[in-house]
Amino acid sequence: MQPTHTRLNAAAATDDVLLEVKEVKTHFFTDEGVVKAVEGVNLSLKRGQTLCVVGESGCGKSVTARSILRIVPPPGEIVSGEILFRQRDGRTVDLAQLNPKGREIREIRGGEISMIFQEPMSALSPVHTIGSQIMEAILLHLTVTKQEARKRAVSMLDLVGIPRPSETLDAYSFELSGGMRQRAMIAIALACEPQLLIADEPTTALDVTTQANILDLIADLQQESGMSVLFITHDLGVVAEIADEVVVMYLGRDVESGAVDAIFHDPKHPYTRALLQSIPRYDSRDNKRLYSIKGTVPHPFDRPTGCPFHPRCDDFIAGQCNLIDPQRALISRDHSARCLLYPTAAIHNPDEEPAT
Amino acid sequence: MTGATTPPPVDDRAEAAPETRIVVANQWQLIWWKFRKHRLAMFAGLVTLLLYAVALFAEFIAPYSAGTYSATHTFLPPQNIQLFQQTETGWRFYPHVYGHKVQVDPESFKRTYVVDEEIAYPVGLFVRGEEYELWGLFTLDLHLIGAAQYGDPVHLIGTDRLGRDVLSRTIYGTRVSMSVGLVGVGLSLGLGVILGGISGYYGGLIDNLIQRAIEILRSLPTIPLWMGLSAAIPLTWPPVRVYFAITVLLSLIGWTALAREVRGRFLSLKTEDFVIAARLDGVRELQIILRHMVPSMTSHIIASVTLAIPGMILAETALSFLGIGLRPPVVSWGVLLQEAQNVRSIATAPWLLFPGLAVVVSVLAMNFLGDGLRDAADPYQT
Amino acid sequence: MIWYIARRIIYLIPTLLIISVIAFAVIQLPPGDFLASLISKAEETVDQAQVDALRERYGLDEPIYVQYWKWISGIITRGDFGDSFEWNRPVSDLIWERLGLTMVISLFTLAFVWIVSIPIGIYSAVKKYTIGDYLVTIIGFIGLAIPNFLLALVLMYIAFRYFGQSVGGLFSPEYIEADWSLERVLDLLSHLWLPVIILGTAGTAALIRVMRANLLDELSKLYVDAARARGLSELKLLFKYPVRVALNPLVSAMAWIFPALVSGSAITSIVLNLQTTGPLLYRSLQAQDMYLAGSLILLVSVLTIIGTLVSDILLAWIDPRIQLQ
């Protein structure tokens, strides 16, 4: 069951890095023109940790997640970049190089990397039982009999906190509530004990109480299994609650990334700062208008030159920001921002070292 | 990366760039823009317009009148137009058709036509021919195409068993066949909009009753029913009354699809924010329906109407073909196809199927057109 | 499920009632008393006693609803559809075999339509906007635009002109009047392909379009991506999820395809000279043999309704969401 051909890459980082995405670009070749949904994104995720990807709608978060699993819908294609994934057997494979319909990626999907989606209603088949979908995943990746698969499916449903698991196994998705559906999705995703769970806004479609339950469930399961979680959200409250590391995305690229404390307490990129300022706070006394970022996300065909954020930036430097495309500036060992305010050369500045 | 492109002038405008131009297009403009992109539908729309133009100007376009017959030219095969003629000095542009000689088989006494290249009948555009009254207003004798010399036997698609020109009759048939579709759909639309609207707007018991009725009508085999009902039209009725009776019959069963469409639209619009807002503002019900709901479903209704017309044309053709729809002397494509009812007559004169081609072209064109319109009806959907 | 079926059957009752009224109306439509036309057609003088007996049997002197009641109760209780005046035999003698053949043709056509349209529809959706897809779409549109009878005429002409064959009919001459036997069944099957293709063209074209559109909708659904993210191979994925879901509307399409087939077979049968209900209905209408015509319309409609019922039950069986509604 091992992949026949694996691309070894010596550049794969240290042992505890599970996933490393380097300068990935995913473009959609539509009739109207090329939509550069992801335009050079970088992220790296360590074993057992939770990485949150945040940004407004349309910034390429979901496409990034789909690019990792190679399930970008046509006419989308990964045009460049590397997605290095450390497999269970210790080998590192560049997912971006695999045939999206081939066997290698199929063995990784569901087996090593699982994904849960925003709308649990539409992510479950309307005409198949929950059980048939869990057992499908189990039978695909584990060498077990049907009975064993069924048993495992029941214990998975039990694990994710679904009451009467053996009855729910034969239920259809339309017979479950939204929260139960998402639990069932998680059960399917975790059935084969993946190393990485990609969660694409899994709580957005749920009500607040259910949201909290699902987040707790994911955190608990992560503790038990030691898997890594790539969590995509636009909700900074969720980020504060669960993230170890954060990547802020804008117009298809990472504009700032770092540990969760650094991002929340010492944001560097003007976009991150703007995002944080636009959260309503309970403790604000003055009746100030809530801050909002000026302008809107530009149309995908109208990508600004230079720094993509410059038309909306408060710190816009004329003649600089609209011409020069900023590179990643290292602010501390694992805190970087793509902004001309910070010199690319500044590698180690002890004054800026955040208290981690 | 992007730095390679020429930098724009640095000034304040750069900041406001994405928000400068605001173009407002109304609903119909948006639909038209989207429809225009649909090449096939555009072409089909052109063909449809052309067909209705033929129906309007049948007398002018047809070389002969529908009833003109010639006992000496029965079952004449189609004549091909020859564009050039050879003379002593070379070729010259001289559109013409060859004449025919009649040969009688000595054994079976069967008459056959043999092309006689010695005889050439010139053919022209805008020629003078039979007199006719256009729309009962003008007396004219101009024909779009025909024999350049009045009286020459020029039959581009051949003649039928009475020596009538098949092309001319098909052109006249366009008028009846295409209008049966329009009138029938018009009647169905009336029924469909009223009943579908009531059903969708009021809901509840009325909706349930109307929906049941639609289901029952849809589950009936229409052609046997049509056959049964149209057989009851008295043979003594004048053609015009038969024509209306047939269209009424067709629309009595054909309104259900349109009613469903209207009901569906009403149901989905009823919960739209702009309708609820209008109701909360205290707008009267009728006003809401006419000002807010009807305009936003017109485009969909136009699309479904276009898609319903081919069904009517096919039904009329089928009934008339069987001899229980329109009857001679009315000329419709179905009536014309009656001449080709069995293999024997088709074997003698396959060109009698020409009206069938007209049916296929018109139905095809309106299907493509309706399809394009339906896609364009929702300009925001991609 | 049983409750669902029971409910559907109860819904049928008003439908059947309305159909019987329509059929009775067709019988009553021709002007004048049909006995009068019978008498005028008869060559010898008709026995007055016989006329009176008929008058009594059909309740001709009584109000219309009594006539209806006599007619419908005769059908339900005794299977008595009245007499055909043209054939001078009970209607029920004439119709059953023809009705059976109508059903055989319609069911074979239905099977043909499904077998052909599903794979082509899947191909067309999966290979969307390729040459193959465009070809299928265009052929489909043309198939929709050609009236059945025209297709029948053209195919007959081709067979006659180029193969010197006279196609048509459902049996070879020696089997037309023969009793049912294995040979007769085989003979029937060998004649079935032409009417099946002719009748099936329009339905196939329509279903290909339905299948293609449904599958395109389903292919972009999230549950497909979710299954792909589970590691399923593309082919298994396609058939297990989107195709399976896209089949549901196809089953419900049977509810209108089937009436259309029965309806279309009426004209095609006349052109191809098939021994089905179509030509018999046609002839009875021309001869104003109204009891025969009305009975045929009634029975063909009832059979169509039963076909619709079967498609509803089938749909409820394959789509678990239906029964809940």
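The values are calculated or read from the model by the stated rules, or taken from the named source; none is laboratory data. The structure presented is a predicted model; accordingly, all values stated were derived computationally and were not measured. Heads up, the Cβs are rebuilt from the backbone with ideal geometry, glycines too, and the neighbour counts pull from every protein chain shown. These area figures cover heavy atoms from the full protein model, side chains too; ligands, DNA and RNA do not enter into them. Shrake-Rupley method; radii C 1.70, N 1.55, O 1.52, S 1.80 Å.
Just checking the listed ones, B:GLN79, B:GLN27, B:GLN287: in the Gaussian network model of chain B with Cα springs under 10 Å, the one fluctuating most is B:GLN287. Think of a 1.4 Å ball rolled over the protein heavy atoms: the stretch C:69-160 then has 48 Å² of accessible area per residue. Rg and Dmax, both from the Cα atoms of the protein assembly as shown and both in Å, are 36.9, 125.
Using C-alpha pairs under 8 Å with a sequence gap of at least 6, the mean separation divided by the residue count of the stretch C:50-209 gives a relative contact order of 27 percent.
For the stretch B:226-266, the fraction of alpha-carbon pairs lying more than 14 Å apart is 56 percent, rounded to a whole number. Here the convex hull built on the C-alpha positions of the stretch B:224-382 has a volume of 144 cubic angstrom per residue. Remark on the stretch C:99-211: hydrodynamic radius 15.6 angstrom, per the Kirkwood mean of 1/r across alpha carbon pairs. In a DSSP loop and with at most 16 other Cβ atoms within 10 Å, the chymotrypsin sites (Phe, Trp or Tyr not before Pro) in the stretch C:161-216 are C:TRP180.
Within the shell defined by Cβ-Cβ distances under 13 Å, the residues around C:ILE306 carry a net charge of 0, with Lys and Arg each +1 and Asp and Glu each -1.
Other residues whose C-beta falls under 12 angstrom from the C-beta of B:THR348 contribute a net charge of +3, scoring Lys and Arg +1 and Asp and Glu -1.
Rounded to the nearest 500, the 222 nm mean residue ellipticity of chain C from helices alone is -26000 deg cm²/dmol, with -39,500 (n - 2.57) taken per DSSP H run of at least 4 residues.
Hey, what D do you get for the stretch B:31-73 in µm²/s if you plug the Kirkwood alpha-carbon radius into Stokes-Einstein at 25 °C and 0.890 mPa s?
Answer from the Stokes-Einstein relation: 188 µm²/s.
According to the calculation over all Cα-Cα pairs in the stretch A:290-333, the P(r) per 10 Å bin from zero is 25, 45, 26, 3 %.
What ranking do A:299-308, C:86-95, C:9-18 get when scored by the average of other Cβ atoms within 10 Å per residue, highest first? It would help to have the intermediate numbers written out before the result.
Details: A:299-308: 18.1, C:86-95: 16.5, C:9-18: 13.8.
Answer by packing, highest mean first, reads A:299-308, C:86-95, C:9-18.
Across all directions, the shadow cast by the convex hull of the stretch B:62-125 built on its C-alpha atoms averages 5.9 square nanometres. For C:TYR282, neighbours were defined as the other residues whose beta-carbon sits under 13 Å from its Cβ, and their charges (Lys and Arg +1, Asp and Glu -1) total 0.
What's the whole-number percent of alpha carbon pairs in the stretch C:95-318 lying beyond 25 angstrom? Every Cα pair in the stretch C:95-318 considered, those over 25 Å come to 49 percent.
Dividing the convex hull volume of the alpha carbon atoms of the stretch A:64-210 by its residue count gives 124 Å³ per residue. Here the dipole of the protein assembly as shown is about 100 debye; that uses its Cα centre as origin and unit charges on the Cβ of Lys and Arg (positive) and Asp and Glu (negative). Note: the stretch A:152-205, Cα convex hull, 75 Å³ per residue.
Max-minus-min Cα coordinates of the stretch B:127-250 on each principal axis give 70, 29, 27 Å, with the largest extent listed first. Pairing chains B and C buries close to 3600 square angstrom of accessible surface in total, based on protein heavy atoms and a 1.4 angstrom probe. Structural size metrics of the stretch B:309-367, computed from C-alpha coordinates, are Rg and Dmax of 11.3, 33 Å. Under 5 Å from the amide H of B:VAL97 lie the amide H atoms of B:GLN82, B:TYR121, B:VAL123, each residue being 5 or more positions distant or on a separate chain, with H modelled from the backbone and absent for Pro and chain starts.
When Rg and the Kirkwood radius Rh are both evaluated on Cα atoms of the stretch B:178-233, their ratio Rg/Rh stands at 1.07.
Whole-Hz Karplus values for the stretch B:219-225 come out as 8, 8, x, 5, 5, x, 5 Hz, taken residue by residue from phi with 6.51 cos²θ - 1.76 cosθ + 1.60 and θ = phi - 60°; glycine and proline positions read x.
Build a GNM of chain B with springs between Cα atoms under 10 Å apart, and of B:HIS96, B:HIS292, B:HIS300 the one that fluctuates most is B:HIS292.
The stretch A:189-300 has equivalent-ellipsoid semi-axes of 28, 17, 14 Å, by the square roots of 5 times the alpha carbon gyration tensor eigenvalues, sorted largest first. For the stretch C:105-116, the Karplus equation 6.51 cos²θ - 1.76 cosθ + 1.60, evaluated at θ = phi - 60°, returns couplings of 4, 5, 5, 4, 5, 4, 4, 4, 4, 5, 4, 7 Hz by residue, with Gly and Pro reported as x. Over the stretch C:182-272, the Kirkwood radius and the radius of gyration, each from Cα atoms, give a ratio Rg/Rh of 1.18. When the pairs B:LYS37/C:LYS127; A:LYS25/C:LYS240; A:LYS36/A:LYS294; B:LYS34/C:LYS240; A:LYS36/A:LYS268 are compared against a 28 Å limit on Cα-Cα distance, A:LYS25/C:LYS240; B:LYS34/C:LYS240 fall above it. Rounded to the nearest angstrom and listed largest first, the equivalent-ellipsoid semi-axes of chain A from its Cα gyration tensor are 36, 24, 20.
Return the equivalent ellipsoid semi-axes of the stretch B:58-164 as a descending list in whole Å, where each equals the square root of 5 times an eigenvalue of the C-alpha gyration tensor.
26, 22, 8
Within the listed set B:GLY372, B:GLY90, B:GLY325, the residue fluctuating most in the Gaussian network model of chain B (springs between alpha-carbon atoms under 10 angstrom) is B:GLY90. Largest first, the extents of the alpha carbon coordinates of the stretch C:202-325 on the three principal axes equal 67, 32, 18 Å. A compact globular protein would have a Cα radius of gyration near 2.2 N^0.38 Å; the ratio found for chain B is 1.32.
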